[in-house]
Amino acid sequence: MAREIELRIQTPKEKLFLDWLGKNAAFKSDILQTDYYLDRIENPYFYFDDCHKLQSDYWLRIRSNNGIYILCLKIVHRDENENYLYSDEYETKISDLENTLKIYENLGYYKAITVKKHRREWVYKDFIVAYDSIEHLGNFFEIELKSGNLSYENGKNKIEKFISSILNEEFTLSKEGYPSLLYSLTNSNV
């Protein structure tokens, strides 16, 4: 199990950040990913918070990543006000996407949300920086702290300090994950 401490941002200074990464960070990958988020038909994991935003304390995902398939469960930790803090992440490779989806379907799960993204990643010191182009959503940066031995608050502060050193204060934190953002977008006319 890995503790995932990350922040997702949007900025009007995308080019500045990308240029900085090109000069200062080690390029890691350029990949196309499709994430299938599964939910149960009975006793669903997904629910709506007081602001009518889609939430889950268990994000069950199968990722198709350039022909590699990874099953992942993220168990969400929240503060006393139910705000997201971090996730415990369990991952394993699977060899057959279609049969794995069929197994889950026969256990009462369905593909609830599909996220399609083009991801470019860099490594800089203790950070993994991903630049994600999400179909129907736009562009985001995800900055993850590689060393998970810090408290959430210390890890978050370290990430924010890193971002601010490049962008000053010209960025917006995204408090929702891609599945929630996509759900809100596709159901905004309902």
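The values are calculated or read from the model by the stated rules, or taken from the named source; none is laboratory data. All values reported here derive from a predicted model rather than from experimental measurement. No Cβ is skipped: glycine too gets one built from the backbone with ideal geometry, and neighbour counts run over all protein chains shown. Ligands, DNA and RNA are excluded from the accessible area calculation, which covers all protein heavy atoms including side chains. Shrake-Rupley method; radii C 1.70, N 1.55, O 1.52, S 1.80 Å.
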Report summary line: By the Cα gyration tensor axes a ≥ b ≥ c (a/c under 1.5 gives rounded; else a/b larger than b/c gives prolate, otherwise oblate), the shape of the stretch 1-55 is prolate
Report task. Please express the shape of the chain as an equivalent ellipsoid: the semi-axes are the square roots of 5 times the eigenvalues of the C-alpha gyration tensor, given largest first in whole angstrom. Result -> 28, 19, 17
Query raised in the report: Placing +1 at every Lys and Arg Cβ and -1 at every Asp and Glu Cβ, with all other atoms neutral, what dipole size does the chain have around its Cα centre, in debye to the nearest 20?
Result: 580
Report summary line: Computed, not fitted: 222 nm per-residue ellipticity of the chain from DSSP H runs ≥ 4 (each -39500 (n - 2.57)), nearest 500, equal to -7500 deg cm²/dmol
Query raised in the report: Charges only on Cβ, +1 for Lys and Arg, -1 for Asp and Glu: so what's the dipole of the stretch 20-95 about the Cα centre, in debye to the nearest 20?
Result: 540
Query - Most positive-pole-ward Cα, Ser56, Phe140, Asn43, against dipole of the chain from beta carbon charges - result: Phe140
Requested in this report: Tally up the carbon and sulfur contribution to the accessible surface of the chain as a whole percent, 1.4 Å probe, everything protein left in place.
Outcome: 48
Query raised in the report: What ranking do 60-68, 92-100 get when scored by the average of other Cβ atoms within 10 Å per residue, highest first?
Result: 60-68, 92-100
Query raised in the report: Measuring with a 1.4 Å probe in the full set of protein chains, what accessible area per residue, in whole Å², belongs to the chain?
Result: 57
Report summary line: Residue separation between Asp30 and Asp126 times 0.36 nm, minus their alpha-carbon distance, gives in nm 32.6 nm
Report summary line: The aspartates and glutamates whose Cα lies under 14 Å from the Cα of Lys111, excluding any fewer than 8 residues away in the same chain, are Asp35, Asp39, Glu42, Glu98
